[in-house]
Amino acid sequence: MKKKILIIDDDPDIIEATKLFLEIKGFEVISETESAEGIESFKNNKPDLVIIDVMMNEPDEGFFIAQKFKKLKPECPLIIYSSVSRALGYDFGKNAVVVADEFIDKPAEPSVLLNSINKLIK
């Protein structure tokens, strides 16, 4: 059975490129551009892994969504995939306010994202 990945990002181009790449690699991908729909999709689809942007409609919105996901299903791996660390100078390794399993700066080589996914969902 295919592993299910939920992508939440307000940039449809990022979603489309990431979704296409992951589907080629054999994953089932669900995507949402709005946080409310992302939360509902998380509850309804029970993904094996979530990839989420930080800067959505509101600054740091992705952090709040990620915290909700970790409360609902703590065992679900979560990747923060965002350019916010560069833009705001965050050092996620030391100062993360959300429990994420990986933090990947956008843009990243597809192989970087794939390696993290494969590491988190075996």
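The values are calculated or read from the model by the stated rules, or taken from the named source; none is laboratory data. The shown structure was predicted, so the numbers you read here are calculated from the model rather than taken from an experiment. A quick note on method: Cβ atoms are made from the backbone with ideal geometry, for glycine too, and the neighbour counts reach across all protein chains shown. Accessible surface is based on the protein model in full, side chains and every heavy atom, while ligands, DNA and RNA are left aside. Shrake-Rupley method; radii C 1.70, N 1.55, O 1.52, S 1.80 Å.
Do we find that Glu58 is modelled with pLDDT of 85 or more, open to solvent by 80 Å² or more (accessible area, probe 1.4 Å) and more than 17 Å from Asn115 (Cα to Cα) in this structure? Before the answer, list the steps.
Numbers: modelled with pLDDT of 85 or more: no; open to solvent by 80 Å² or more (accessible area, probe 1.4 Å): yes; more than 17 Å from Asn115 (Cα to Cα): yes.
So Glu58 does not fit the description; no.
Under the condition of being under 13 Å from the mean Cα position of the chain (by Cα) and open to solvent by 30 Å² or more (accessible area, probe 1.4 Å), which residue from the range 78-101 is modelled with the highest pLDDT? Selected residue: Asp101.
Would you be able to tell me the number of residues in the range 102-115 that are open to solvent by 70 Å² or more (accessible area, probe 1.4 Å) and part of a helix (DSSP H, G or I)?
Of the residues in that region, 1 qualify.
Taking the range 1-54 as the range and being farther than 16 Å from Lys68 by Cβ, open to solvent by less than 60 Å² (accessible area, probe 1.4 Å) and part of a helix (DSSP H, G or I) as the test, the residues that pass are Ile14, Ile15, Thr18, Lys19, Phe21, Leu22.
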